[in-house]
Structure formats: C-alpha cells, structure tokens
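Below is one structure, written out as structure tokens, with a few remarks after it.
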Amino acid sequence: MFNKKKDDHMEYESSEPVITTSPDVRRRKTSVIGPTLKFKGELSANEDLIIEGEIEGTIAHQDKNLTVGKEGRVKADIDARTVDIYGKVEGDIRGEDIVKLAKSADVKGNIRCARIVMEDGAQFSGKIEMGHNKKPASKPASLTVAESAKQAESVG
Amino acid sequence: MPSIIGSTVVMNGELIVGEDLEIKGTFNGTITGQSQDTVTVRRIARLSGEVSASLVQVEDGTNLENTVLSGRIRLAE
C-alpha cells in the first residue's frame, strides 16, 4: 500500500488520493498550455484544457474539464464543468460540477459550484457558493426516444 | 508534454512561447516564439495575425490568409 508504484501519467504529487489526473483524462482530446507560454487575451475551448503557463484575460470553457497545473498562473474568470487547481488563480471560478483545490493551490476569488474538494494546505481567499449550478439537459428524454423510433422506421 | 492548441480552442490576443507549440485551433493575434522553438501549424488551424518563431512549420493546405509568418518557414505534407 505504501510502496505503491507511481503512475507514469501522474504529474502532481499528492499525499491523498482525492485529487488526481487520471489516465482517462489524458487520453481524451486535450489542449495544453505549457509552462513557458504566456497568453493575454480571450480564450475559449470545447475540449479539456491543461494550463501550466500564464494566462491573463478571460477563459470561457464550458462543459469541459479545466486543470490549472502547479506551474499555472491564471488571472481570469474561469467557467468549466470541472475545475482542478494545483497552481495560482486570481478570478472567479464557476464549476458546473466540481471544483478541486489541491494542497499547492492558491486561489483569490469567488467559487460557485455544485461540489468542492479542498485539500489540506490549499490557500483560498474569497466566497464559496454551492448548489443549483447545473445546466438543464440539452434535450428532453422523450425527444431522444422519438428520434430513435424515427431512425428505426427509416431502417426498417 | 508539448503545448497544443486544440481544434476547438479559440484564442484572441498575444501569446509568447518558450517551447514547441502545435496549433490546430483558431488563433487571432500575435504569436512570438523565443530561442529554438518550433511552431507547427496544422491544416485545420485558422490563423489571423502574426507568427514569429525560430522555425514555423506549416502543413500543406493551411489557409494563411491574413497571416504574416517570420523566422524559418518549412512547408510540411
């Protein structure tokens, strides 16, 4: 148990298994802003995003996962489905699902999310508002059933 | 892990790069590479502005309208 071999994909050390970057996430379509990159402006994306560099401006990143790595420094409001923070963030964070602050995280701003995990040692200055953060489903289930029936008709 | 601007990413602004960068998404603005960095522009990328790097690698068929490239430029298949 204590001599557990480290996963090659793991980038961040954590004494607790609470906050990890799973290999599944790595396999998904992901954009990476490396540690030497500095960006000033507007950024939007519809895929997972890992920020290890510096970003100043706005980040519109709805429905996907955003990770601010240990080296990451963000001065922007963040809007994403899940937000994992290991580095520094100055700005408001809205996580549709969960916001995780690792022990190395340093956050100055307000957090609005459905669930939050804050590791021992994480620095946070701001207000947390929880719940009622989920967006309505894009399609009602009945429509999907109707569509399936239509497809079955066309095939049959 | 190299830096990648994925196909759904849209960036408007100024980017300073100190490592290799691959662009598949949309970038409007200025990209400035430092030292020996390579900026690779994929065919699906949409660029507008200026890209300056030690080596700018552009995939054949990339739309470079309204884009100024500077540095060593290489066309790749």
- Note on the structure: In the neighbourhood of B:A53 defined by beta carbon distances under 13 Å, the net charge of the other residues (Lys, Arg +1; Asp, Glu -1) is -3
- Most exposed first, judged by fewest Cβ atoms within 10 angstrom, A:I98, B:I23 run A:I98, B:I23
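Shape of chain B from its Cα gyration tensor (a ≥ b ≥ c, root eigenvalues): rounded if a/c is under 1.5, otherwise prolate when a/b > b/c, or oblate?
On the way: a/c = 1.23, a/b = 1.08, b/c = 1.13.
Cα axes put chain B in the rounded bin.
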- Message: Give the average, rounded to an integer, of partner chain Cβ atoms located within 10 angstrom of each Cβ in B:19-32.
- Response: 3
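No value in this document is a laboratory result; all are computed from the given coordinates. Predicted, not measured: the structure shown is a model, and the values here were computed from it. Cβ: placed from backbone, ideal geometry, glycine included. Neighbour counts: every protein chain shown.
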